[in-house]
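A.B. asks: Can you keep this structure in mind? I'll have questions shortly.
The values are calculated or read from the model by the stated rules, or taken from the named source; none is laboratory data. Given the structure is predicted, the values throughout are model-derived calculations rather than measurements. Every residue, glycine as well, gets a Cβ built from its backbone with ideal geometry; the counts of neighbours run over all protein chains shown. Surface areas here come from the heavy atoms of the whole protein model, side chains and all, with no ligands, DNA or RNA. Shrake-Rupley method; radii C 1.70, N 1.55, O 1.52, S 1.80 Å.
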Amino acid sequence: MSDNVILEVQNVTKRFGGLVAVNDVSFKLHNVEILGLIGSNGAGKTTLFNMIAGAYPPTEGKIIFKGREIQGMRSDNVCHLGIGRTYQICQPFGAMTVRHNVMVGAFSRYKKRSEAAEKANEVLEKVGLYYRADALGSELTLPELKRMEVARALATEPEVLLLDEVIAGLNPTEVDIFVDLIREVKEREKLTIIIIEHVMRAIMNLSDRIVVLNQGIKISEGLPAEVAADPLVIESYLGGGQ
Ligand SMILES: Nc1ncnc2c1ncn2[C@@H]1O[C@H](COP(=O)(O)OP(=O)(O)OP(=O)(O)O)[C@@H](O)[C@H]1O
Ligand SMILES: [Mg+2]
């Protein structure tokens, strides 16, 4: 593995009964790049994240993080190794404050309450949500919830961050603000990111490279402009009338 590769997905397949959700997918993630992961609904994007993050093991294939095989490892161990994630369906603890929600992430690194609270404050500041630290999770607007979700993942101090549709549902102005936020955090923290997103303007803008899935199969990979011009991608996703 070259020095520059931080994560490698090798021939990964996931079957749910008769359904092949992810089919022999391989790609490499380079240090401090943003890799966009796109594809139609049901393409297998979230399933791929779940396997990388240890929610469940692949049926076949390897996932290698910094030279070490992590497929099948428990999610808390994967998190501790340095892979953080957000969830497509935000599930805030509505009755807890924003700070406490983020502390849940911080507790993966800090056992002391005071230290976890300090970490939570720090990342809330970074994502521009510190002013809501004492609000309840249930009181947040959608853009605020998305920021909290990112803060919660950042509080686990990842080297690789998996973002699952953190931009979906935002209006165009909020999309632009969020794109800037992701780029800023990435530069400041020297983070490597895989981002799943249907909002094309955001993905084209943010990604250094893009991988395209269709029905579990990787159908394209390359620079944003290359992928956007790939006839297979246009047919199956971009121009597919979905
Ligand atoms: N736990 C599961 N059990 C059975 N089938 C599943 C499970 N999780 C996902 N699937 C199926 O696997 C396929 C891929 O789903 P996945 O959620 O990975 O798609 P996705 O690319 O994230 O789609 P979306 O853009 O809608 O979020 C779908 O057909 C889905 O119904
Ligand atoms: Mg998904």
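A.B. asks: Output the qualifying pairs, or none if there are none: Cβ atoms under 8 angstrom, residues six or more apart or on different chains, first residue in the range 196-208 and closer than 20 Å to Thr86 by Cα, second residue within 16 Å of ligand 2 (Cβ to nearest atom) and of a type in the set (Phe, Trp, Tyr).
C.D. replies: Pairs that qualify, where the first residue is closer than 20 Å to Thr86 by Cα and the partner is within 16 Å of ligand 2 (Cβ to nearest atom) and of a type in the set (Phe, Trp, Tyr), are Ile196/Phe49.
A.B. asks: Could you tell me which of the residues Ser220, Ser108, Ser114 is free of Cβ contacts under 8 Å to residues at least 24 places away in the same chain and either farther than 30 Å from Tyr237 by Cβ or in a helix (DSSP H, G or I) (or both)?
C.D. replies: Ser114
A.B. asks: Mind counting the residues in the range 1-25 that are hydroxyl-bearing (Ser, Thr, Tyr) and open to solvent by 60 Å² or more (accessible area, probe 1.4 Å)?
C.D. replies: The first filter runs over the range 1-25 and keeps only residues hydroxyl-bearing (Ser, Thr, Tyr), leaving 2, 13.
If we keep only those that are open to solvent by 60 Å² or more (accessible area, probe 1.4 Å) as well, we get 2.
The qualifying residues number 1.
A.B. asks: Within the group Arg85, Arg109, Arg74, which residue is within 16 Å of ligand 2 (Cβ to nearest atom), closer than 20 Å to Val160 by Cα and among the basic types (Lys, Arg)?
C.D. replies: Within the list Arg85, Arg109, Arg74, the selection yields Arg85.
A.B. asks: Okay, next question. Look through the range 41-94, keep the residues that are part of a loop (DSSP other than H, G, I, E, B), at pLDDT 95 or above and hydroxyl-bearing (Ser, Thr, Tyr), and return whichever of them is nearest to ligand 1 (Cβ to nearest atom).
C.D. replies: Going through the qualifying residues, I end up with Tyr56.
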